[in-house]
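K.L.:
Quick one: structure below, then a few questions.
The values are calculated or read from the model by the stated rules, or taken from the named source; none is laboratory data. Quick caveat: nothing in here was measured; it's all calculated off a predicted structure. Glycine also receives a Cβ, built like all others from the backbone with ideal geometry; neighbour counts cover every protein chain displayed.
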Amino acid sequence: MKDDPTHPFRHSHEDAQTAGRIPDTPQTRAPAYRLAYTDVDFMMREELRPVRLQLELLKPQMIMDERGIESTIVMFGGARIPAPEKKDSAKTPYLAELSRYYEEARLFAKAMTDRSMKSYGREFVICTGGGPGVMEAGNRGAHEAGGQSIGLNIVLPHEQAPNEFVTPDLAFNFHYFAIRKMHFLMRARAICVFPGGFGTLDEMFEALTLIQTNRMSPIPFILFGRGFWEEIINWERLAEAGTISPEDLDLVSFVETAEEAVAVIDGWDYSKCG
C-alpha cells in the first residue's frame, strides 16, 4: 500500500525504525515505552477490539481499491469436495459424486474471468474463501484464464493455508468472521453457491436474508445442483408454513452447469442494483 509523501511530518515508519535503535535501559524495555502502533501486546488487548475490527475492514478494502477492483463474483462451496481427478480420495461416495461441481466451478470461474479481463480485471473478479474444494476450483479457473482472483481466508483452529491459485497480492486473512462476510458482499455482483456444509449454509442464508430484508440490493443468487439443495432444504415447505413468503423463493436460481449460471448473469437487469 502507498504511503502519503505529501505531509511535512516525520513518517510513522521512520519513528518505528528510530525507536528500535534506542539505548537499552530499564525505561526503554518497559512495555509502556513502546510506540502504541508497534506494540503487539497492546494491540491485542480486549479494549482494542474495535480498532482491530476497523483494521480488518480497512486493509482489504484499501488493497482492492488500489488494485482497481470494482465488482466481484462470489463463489461459496464445500471445502471437502475434491477435484474430479482426485475423487477416489473422497471420504464418502456422495462427496466423490459431487466432484462434478468442482469442475463446473472451475469452468464458471474461467468464463467469468475471461470477461473480467475485458475490463482490465476490474469487474466481475472471482472471490472465494481461499481454501480447498470448490474455493480452489474458483481460484483455479480464474488462474487458468490468466486473470486475478481473491481469497478471503480465515484463521481456523486446524492448520490451513490459501490454495495455490489465489492471486498472492489478493490473499487475505481474517480473524473476524463478520468482517470477512462484509468483504464477500461489499462488491458482489453475483453469488454462486455450490454444495457444501455448515460454512456454505451459513454464508448462503446470511446473504439471502440481507436481500430478503432489503438490506442488500438483489443480485443473481445462483445455486448449483438442484437435487442437492432440494434434498437438504425443503424450500417449498418454508413457504407453505409461512416462515418465508412465496415470492422469497424467486430470489434463488437453480443451475447445473457453468453455462447456465453465465446465462442467469447475462439475463440480469443490473440497473436494479444499488
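K.L.:
Among the numbered criteria (1) among the basic types (Lys, Arg); (2) within 18 Å of Ile81 (Cα to Cα); (3) assigned to a loop (DSSP other than H, G, I, E, B), which one does Arg122 miss?
P.N.:
Of everything listed in (1) among the basic types (Lys, Arg); (2) within 18 Å of Ile81 (Cα to Cα); (3) assigned to a loop (DSSP other than H, G, I, E, B), Arg122 misses just condition (2).
K.L.:
Please determine, by comparing only the residues of the range 111-142 that are under 17 Å from the mean Cα position of the chain (by Cα) and among the basic types (Lys, Arg), which one is modelled with the highest pLDDT.
P.N.:
Among residues in the range 111-142 that are under 17 Å from the mean Cα position of the chain (by Cα) and among the basic types (Lys, Arg), the one modelled with the highest pLDDT is Arg140.
K.L.:
Quick check on the range 227-250. Is at least one of its residues assigned to a loop (DSSP other than H, G, I, E, B) and closer than 21 Å to Phe108 by Cβ?
P.N.:
no
K.L.:
Here is a list: Gly146, Gly138, Gly133. Which entry is of a type outside the set (S, T, N, Q), closer than 25 Å to Lys59 by Cβ, in contact with a helix residue (DSSP H, G or I) (Cβ under 8 Å, 6 or more places away or on another chain) and touching a residue at least 12 places away in the same chain (Cβ under 8 Å)? Can you show your working first?
P.N.:
On the way: Gly146 fails: closer than 25 Å to Lys59 by Cβ; Gly133 fails: closer than 25 Å to Lys59 by Cβ.
Answer to the check: Gly138.
K.L.:
Something else now. Among the residues of the range 203-237, what is the count of those that are under 22 Å from Phe177 (Cβ atoms), touching a Lys or Arg at 6+ places or on another chain (Cβ under 9 Å) and not small (Gly, Ala, Ser)?
P.N.:
Adding up the residues that qualify gives 4.
K.L.:
Which condition number in (1) buried (at least 19 other Cβ atoms within 10 Å of the Cβ); (2) closer than 21 Å to Ala263 by Cα; (3) not acidic (Asp, Glu) is the one that Ser119 fails?
P.N.:
Failing condition for Ser119: (1).
K.L.:
Also, I was wondering about something else. With respect to Ala161, is the statement that it is at pLDDT below 95 and under 15 Å from the mean Cα position of the chain (by Cα) true?
P.N.:
For Ala161, the condition - at pLDDT below 95 and under 15 Å from the mean Cα position of the chain (by Cα) - is met.
K.L.:
Looking for something among the aliphatic types (A, V, I, L, M) and out of contact with any helix residue (DSSP H, G or I) (no Cβ under 8 Å at 6 or more places or on another chain) - is there at least one such residue anywhere in the range 195-209? Before you say what the answer is, go through the steps one by one.
P.N.:
Our first condition is that a residue be among the aliphatic types (A, V, I, L, M); within the range 195-209, this holds for 201, 204, 207-208.
Retained after the next criterion (residues that are out of contact with any helix residue (DSSP H, G or I) (no Cβ under 8 Å at 6 or more places or on another chain)): 201, 204.
The answer is yes; a qualifying residue exists.
K.L.:
Could you list, in sequence order, the residues of the range 24-52 that are in contact (Cβ under 8 Å) with a residue 12 or more places away in the chain and loosely packed, with under 15 Cβ neighbours inside 10 Å?
P.N.:
Within the range 24-52, Leu35, Tyr37, Thr38 qualify.
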